[in-house]
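Throughout, read-outs are computed from the coordinates displayed, never taken from laboratory work. Bear in mind the structure is a predicted one, so any value in this text is a computation, not a measurement. Methodologically, a virtual Cβ is constructed for each residue, glycine included, from the backbone with ideal geometry; neighbour enumeration extends over all protein chains shown.
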Amino acid sequence: MERIKFSKIRKGLSVIFFITLLLASTLLLQSTANANNNAVVKVDILNVRSGPGLNFKITQQIKKGETYPILDEKESWAKIKINSEEGWVANWLVDKQIQSTSSTSTPSSTTSSPNKLTIESNVPSLNVRSGPSTSFAILQKIDPGTKYLVTQQEGEWLQIQLNEDKKGWVANWLVTLSNDVPSKETLVKNLVTVQVDILNVRANPSTDSAILGKLHKGDQAEVLDIKDGWYQIDYKGQKGWIASQFATQDKGAIPSSPTPNLANQPMVTILNPGTNLREGPSLNQKVVARANTGDQFPIIETFGDWYHIQLANGQKAYVAGWIVSVNGLSKEIKRGIEKILENKVIIVDAGHGGIDHGATGKFFNSIEKNLNLDVAKRLEQKLKAAGARVIMTRTGDSKISLQGRVDIGIIHYADAFISVHHNTNASSQVSGTITYFYNEADKELAIAVQKHLVKSNGLKDLKARYGNYFVLRENPKKSILVELAFLTNYNDELKANQNKFQENSAEGIFQGVLAYFEEN
């Protein structure tokens with residue numbers, strides 16, 4: 001009996017040893033494979049980021065020709081080792097160098113990464129500039145629906161291929177990135193379609209300039225340049241200019257629905273970046289598009305405090321009259337938001353700070369205190385622009401006691417106290433956004449903010465719920481605490497680091513506050 005037991009034990013140990021050896025061999029092969037892959041920088045300056053995406057922060061820069069070992073790859077990004085540090089670089093801006101096992105300095109072969117990225121605009125009439133900054137001249141405008149190949153990155157800007165001979169720069173927080181490479185045909189020409197019955201083609205970008213000829217509704221022209229609201233086009237072999245407000249960018253099909261003559265219509269001009277264009281004349285209506293500073297749209301009619309406008313693609317939308325300027329109308333709307341938030345004191349509390357880092361992201365080592373402050377500052381600007389008096393509990397990396405935060409609201413007779421945080425959970429599967437309240441009197445504000453927040457940032461709705469937090473429990477002022485995303489969930493943490501998510505979260509909180517005070 002004892003001999004049989006020993007035999008079984010020996011066989012069991014043999015199996016365990018074999019499995020251990022197999023796992024060790026697999027890990028060794030994976031380690032060897034990683035060690036034999038290098039990234040060779042193929043652009044003059046390459047940004048190294050804290051995570052695999054253009055929205056992650058730049059940690060340092062490396063130069064053309066420098067070689068670094070690849071530790072990991074994720075979609076279009078490579079994780080590299082730089083001395084004792086690690087970082088992520090775009091795959092399409094490096095060459096992958098495969099080394100032989102006997103040498104770590106001489107490459108056995110070099111191949112360019114096949115990964116390519118494209119962008120698609122998130123807003124109508126996105127400015128394409130001659131350089132990576134808003135200080136550079138506008139080359140032209142692009143609308144959603146067409147993809148453009150990314151050729152280079154610099155900071156928060158992307159260089160894109162407009163056509164075979166022309167490139168320009170766009171802000172990465174206003175576009176969507178994808179790996180879907182557009183066909184060559186979409187990159188060859190930038191066409192516009194005339195939207196009025198008769199459109200003069202002029203020698204220079206001015207109504208005082210000589211008329212070279214005329215275009216008619218439905219005619220198409222290739223855009224060569226853009227300047228101060230004018231398109232330079234190819235007109236019968238010579239260069240001419242047409243007013244950009246009377247022609248729309250073509251996506252390969254002329255709009256089938258009839259378009260009104262725009263020449264005699266009043267126009268609105270957008271004053272703020274990211275202005276919401278809505279489905280109906282109310283802050284509760286769905287956002288159908290966002291416009292940039294300087295964008296112009298023809299007015300179809302006024303509806304209370306709102307303008308009914310027509311977009312470049314023929315779609316109709318509403319814009320709040322108190323946040324735009326108008327040409328062609330004797331009376332501009334100046335009511336609305338300013339009345340809703342007039343004399344309202346709102347405390348914006350960026351959670352944690354200083355030595356209190358808050359949570360640390362499980363996948364990208366994100367620091368909660370920094371993410372909280374990013375969103376809080378965006379919210380501050382939106383509330384201020386709407387006429388509210390905003391008090392920040394902190395504007396930098398400083399530690400403020402919980403009682404100190406509450407006291408700020410008491411001292412300033414706050415109408416609302418909003419604390420901004422990011423969440424954690426023992427399970428990495430938990431994802432979503434929550435808005436907490438403690439007192440029943442604050443529940444309505446929490447519900448309004450939660451509704452608009454998840455609508456704007458796109459995460460799972462975990463509802464407004466009761467929360468026993470100091471800044472709520474000990475706060476005599478109307479107060480809520482938002483947990484925007486879980487830093488223990490991969491997708492949540494990835495999004496939390498992106499400018500677009502931070503902007504959308506601030507916008508959602510802002511819209512929720514507006515909706516609440518509009519009804520109360």
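Could you compute the FRET efficiency for HIS357 and ASP95, with r as their C-beta to C-beta distance and R0 at 51 Å, rounded to 0.05?
Approximately 0.85, to the nearest 0.05.
Over segment 442-505, what portion of Cα pair distances is larger than 13 Å, expressed as a whole percent?
65 percent
If I take R0 = 35 Å and measure r between the Cβ atoms of ILE45 and ASN163 in this structure, what FRET efficiency does the formula 1/(1 + (r/R0)^6) give, to the nearest 0.05?
0.85
Modelled label-to-label distance, ASN284 and LYS81, 7 Å Cα→beta-carbon offset: nm?
5.9 nm
Percentage of Cα-Cα pair distances in segment 381-480 greater than 23 Å, rounded to whole percent?
I get 31 percent for the Cα pairs in segment 381-480 exceeding 23 Å.
Hey, fewest Cβ within 10 Å first, where do GLU86, GLU493 land in order?
Listing GLU86, GLU493 from fewest to most nearby Cβ atoms yields GLU86, GLU493.
Find how much the distance from TYR490 to SER133 grows on full extension, using 0.36 nm per residue of separation minus their present alpha carbon separation; answer in nm with one decimal.
125.4 nm
For segment 372-436, what ratio Rg/Rh do Cα atoms give with a Kirkwood hydrodynamic radius?
For segment 372-436, the value is 1.02.
Quick one: what does P(r) look like for segment 191-249 with 5 Å bins over all Cα pairs, in whole %?
Distribution as computed: 4, 23, 37, 28, 8, 0 percent.
I need the calculated FRET efficiency for the pair ASN343 and PHE470, taking r as the beta carbon distance and R₀ as 30 Å, to the nearest 0.05.
Using R0 = 30 Å, I get an efficiency of 0.60.
For each of LEU341, LEU311, count neighbouring Cβ atoms within 10 Å of the residue's Cβ, then give the residues from fewest to most.
The order, fewest Cβ neighbours first, is LEU311, LEU341.
Express in nm, to one decimal, how much length is gained between LYS377 and LEU212 on full extension, taking 0.36 nm for each residue of separation and deducting their alpha carbon distance.
Separation in residues times 0.36 nm, less the Cα-Cα distance, equals 54.3 nm.
For GLU518 and GLU222 in the same chain, what is the full-extension length gain: residue separation times 0.36 nm, less their Cα-Cα distance, in nm?
101.9 nm
So how do TRP241, TRP322 line up by other beta-carbon neighbours within 10 Å, fewest first?
By the 10 Å Cβ count, ascending: TRP322, TRP241.
Straight-line reach from LYS339: which lysines fall under 28 Å, measuring Cα to Cα and dropping same-chain residues less than 8 apart?
LYS286, LYS316, LYS331, LYS377, LYS382, LYS384, LYS443, LYS451, LYS455, LYS477, LYS478
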